[in-house]
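Data block below; observations after.
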Amino acid sequence: MTLAGRTAAWWARLRSPRLPATPLCLPPWLPTGPAACERPYSSHGKEKLDMSTYPVESIRNFSIIAHVDHGKSTLADRLLEITGTIAKTDHNKQVLDKLQVERERGITVKAQSASLFYNYEGVNYLLNLIDTPGHVDFSYEVSRSLSACQGVILVVDANEGIQAQTVANFYLAFEAQLAIIPVINKIDLKNADPERVEKQIEKLFDIPVDECVRISAKKGTNVETVLQKVIEKIPPPQCNTADPLKALVFDSTFDHYRGVVANIALFGGEIQKGHKIVSAHTKKRYEVNEVGILTPNEQPTHKLNYLV
């Protein structure tokens with residue numbers, strides 16, 4: 001065939017009506033229709049929370065600090081259950097520990113945050129919790145988390161008493177001028193001696209014995225009292241939404257699809273999707289693609305006024 005003949009045949013194929021595409025044989029468990037085009041990590045379709053219903057006076061930002069294996073993560077699990085953030089089941093162990101090494105070894109390596117909703121004396125409160133590591137090698141995670149809080153829950157084992165990281169974490173919170181709530185955990189153990197531990201706390205930290213809360217995080221004994229103490233003892237954040245935006249990035253993760261997901265504490269102004277922000281250190285500009293809170297899964301919101 002000559003060059004002219006091949007060109008004519010090629011144009012004829014282009015002009016000819018195309019056959020309809022053969023439908024793909026998809027497995028029955030895969031979604032079809034518009035839902036098939038949605039990414040599993042997308043917030044499309046999720047109902048956005050209205051954070052304006054929680055004024056500054058109803059916000060509490062706090063961390064749980066302790067020596068390793070004194071029950072921080074177990075206490076966090078019970079707080080999540082009491083506030084209805086997660087369902088009460090026997091499988092709720094280390095819910096906030098997401099790394100494989102954390103679940104295998106039973107220790108917290110990376111600080112994790114979660115927002116809890118709690119009604120106390122007819123008022124709805126937003127409690128932003130940060131579960132911190134207890135091992136000395138991860139003390140930077142603790143100091144970074146405390147910079148975003150106004151108070152801490154200091155957990156002490158009723159059997160072991162005050163240990164090295166108990167003292168170190170206490171002084172981190174004390175130097176940051178945070179409200180401190182002492183909690184004596186594991187009172188259900190056979191060799192527990194909460195009276196001795198209370199005297200240690202009073203002698204070393206100058207905290208009166210009557211301010212200590214005795215609990216069993218494993219069984220849930222007296223854990224709700226801890227929530228009430230958080231509301232009563234820890235002050236709300238000093239934040240004015242009318243001020244220019246001022247925020248602290250206290251943690252971040254990287255998502256291969258969305259980029260950097262930053263955990264921030266707002267000290268002024270507010271932030272929402274589409275805003276342009278500037279890093280005070282690097283002077284680089286960024287556009288906000290999405291805002292929300294952790295419950296402990298990602299929950300999108302219309303705007304943020306305090307802590308994410």
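Against the numbered list (1) in contact with a helix residue (DSSP H, G or I) (Cβ under 7 Å, 6 or more places away or on another chain); (2) of a type in the set (Phe, Trp, Tyr); (3) modelled with pLDDT under 90, TYR118 comes up short only at (3). For the range 56-108, the tally of residues that are among the basic types (Lys, Arg), under 16 Å from LEU129 (Cβ atoms) and either modelled with pLDDT under 80 or not in a helix (DSSP H, G or I) (or both) stands at 2. Taken together, ALA168, ALA148, ALA192 contain a single residue that is open to solvent by less than 50 Å² (accessible area, probe 1.4 Å), in a loop (DSSP other than H, G, I, E, B) and out of contact with any strand residue (DSSP E or B) (no Cβ under 8 Å at 6 or more places or on another chain), which is ALA192. Taken residue by residue, the range 173-190 has at least one member that is farther than 29 Å from ILE59 by Cα and among the basic types (Lys, Arg). For ALA262, the test of being small (Gly, Ala, Ser) and within 16 Å of the chain's Cα centre (by Cα) is passed.
Note on the range 261-305: residues that are open to solvent by 20 Å² or more (accessible area, probe 1.4 Å) and closer than 22 Å to LEU127 by Cβ total 13.
The values are calculated or read from the model by the stated rules, or taken from the named source; none is laboratory data. Computed from a prediction, not measured in an experiment: that's the story for all the values here. Here the Cβ is made from the backbone with ideal geometry for all residues, glycine too, and neighbour counts use every protein chain on show. We work out accessible area using only protein heavy atoms, side chains counted, and drop any ligands, DNA or RNA first. Shrake-Rupley method; radii C 1.70, N 1.55, O 1.52, S 1.80 Å.
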